[in-house]
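The values are calculated or read from the model by the stated rules, or taken from the named source; none is laboratory data. Quick caveat, the model's predicted, so the values are computed rather than measured. A quick note on method: Cβ atoms are made from the backbone with ideal geometry, for glycine too, and the neighbour counts reach across all protein chains shown. Ligands, DNA and RNA are stripped out before the accessible areas are found, and what is left, the full protein with its side chains, is counted by its heavy atoms. Shrake-Rupley method; radii C 1.70, N 1.55, O 1.52, S 1.80 Å.
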Amino acid sequence: MNKTINTMKSKNSEFKNNNIKNMTKKYVLITALLFFTFLAQAQDKKAKDLLDQVTAKVKSYDSIIIDFKYSLNNAKENINQDSKGNVTMKGNQYVLNFMGITKIFDGNKTYTIVPEDEEITISKVNEKDDNAITPSKMLTFFNTGYRYSMDILQDIKGRKIQYIKLIPTSGKDQRKEVLLGIDVQTKHIYNLIETGKKGTKTTLTVNSFKTNQPLSKNQFTFTQSKYPNYYINKLD
């Protein structure tokens, strides 16, 4: 009889110990999940704070002039192309020179000038359209449509560049991720690295970033008389 009672006590004790162990494991797991959730939220907040600083800095300038390098790479397709360009911006107006083409936006219409074809395309742009891509928006594109988190901090030629990883929230987006490099001191964008779902990687690197430079009053004015032999293609 005593042996049976002792056996029952032993099993009850083992059962309680197992319960305690299971509860302890669950507690540790929950604590770990809460910790990592808190850490992720803290990183997201830190990333958002830095992005907000970049946006505020861009909006504080009267004008911006950027010289940049653009690289396109796809190992599978054996593609490796480099191009240079520059853009001058003031408010929503801009002049963009890239790959032999000039685009002028005067605040109402876009003039795309292609010297190789001696052709100029004129079209209206609705600046209120969220899908309308302009150089000024490219400096603040990250504010909507992405999940973001802090990534690596790199020392590049004596500059501290903090990378933020941006993941598109739309499943239709052909980009897998975007890495945005930000100069920690100036809060200017240093580079932008986009990785496509099919392996294509594009990199835009800012070579120079000038602000509040004196601009001509006709900086963003299209003058048709400069292109006497060009074909004018009006879309609107």
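Accessible area per residue (1.4 Å probe, heavy atoms of protein chains only) ranks M150, M138, M99, M89 as M99, M138, M150, M89, with the largest value leading.
Shape class for the range 153-236: oblate, because the ratio a/c of the largest to smallest gyration tensor axis (alpha-carbon atoms, square roots of eigenvalues) is 1.5 or more and b/c is at least a/b.
Here's how it looks for E119: its modeled amide H is under 5 Å from those of V114, Y231, which are all 5 or more places away or on a different chain.
Peptide packing: for 151-158, 196-203, the average count of neighbouring Cβ atoms within 10 Å per residue gives the ranking 196-203, 151-158, highest mean first. Largest first, the residues R147, R159, R175 sort by 1.4 Å accessible area into R147, R159, R175.
Of the cross-linked pairs K172/K201; K59/K226; K46/K201; K59/K165, those separated by over 29 Å at the C-alpha level are K59/K226.
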